[in-house]
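This report concerns only the one structure given below.
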Amino acid sequence: MSLSSISTPRYLRIVRASGWYDLLVTWPFALPWTFAWLYAQLGLPGTLYPLDTTHMLLANLLGSVVVVWSIARIAAPTVLLGRLDGVARVLFSAWQIYAVAHGANAIVLGFTLFELLFGVLQWWRVADAPQAPKISAQALAGT
């Protein structure tokens, strides 16, 4: 059984949409004061531990990288960026499921659904996509 493919323009719209989703969900993590505000607003059942410097650093690093990555996919979506984002989404989903299994609030699974949805869509077969170039060991070594 063969799965249907999608056109490159439609695929690139999906890549761009995933970038917008990530930007909207993640931008508060990029700055200490916006993340502190978001954290205070969560109002989740259970105990919210006070943020320490390490928590803030990790949240800000994650937020900064995801914001830049989102802008790259919004500004210049490509099949390669979509495929790489699909890999990242599988990893994020795995860690979110792991966190919930170890006591994190189940609300995280709502985000996991979007991760999996965009991950599957970005790994979908693209009808007229060019083949990815082969990367040689020399190219990786910079020679």
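Work out the FRET efficiency for LEU116 and VAL65 from their Cβ-Cβ distance, taking R0 = 22 Å, and round it to the nearest 0.05.
The computed FRET efficiency comes out at 0.60.
Electrostatic tally near ARG89: other residues with Cβ closer than 13 Å to its Cβ, Lys and Arg +1, Asp and Glu -1, net -1. FRET efficiency for the pair VAL100 and THR53, taken as 1/(1 + (r/R0)^6) with r the Cβ-Cβ distance and R0 = 22 Å, rounds to 0.30. Per residue, the stretch 1-97 exposes an accessible area of 62 Å² to a 1.4 Å probe, with every protein chain left in place.
The values are calculated or read from the model by the stated rules, or taken from the named source; none is laboratory data. Since the model is a prediction, treat every value here as computed from it, not as a measurement. Cβ: placed from backbone, ideal geometry, glycine included. Neighbour counts: every protein chain shown. Surface areas here come from the heavy atoms of the whole protein model, side chains and all, with no ligands, DNA or RNA. Shrake-Rupley method; radii C 1.70, N 1.55, O 1.52, S 1.80 Å.
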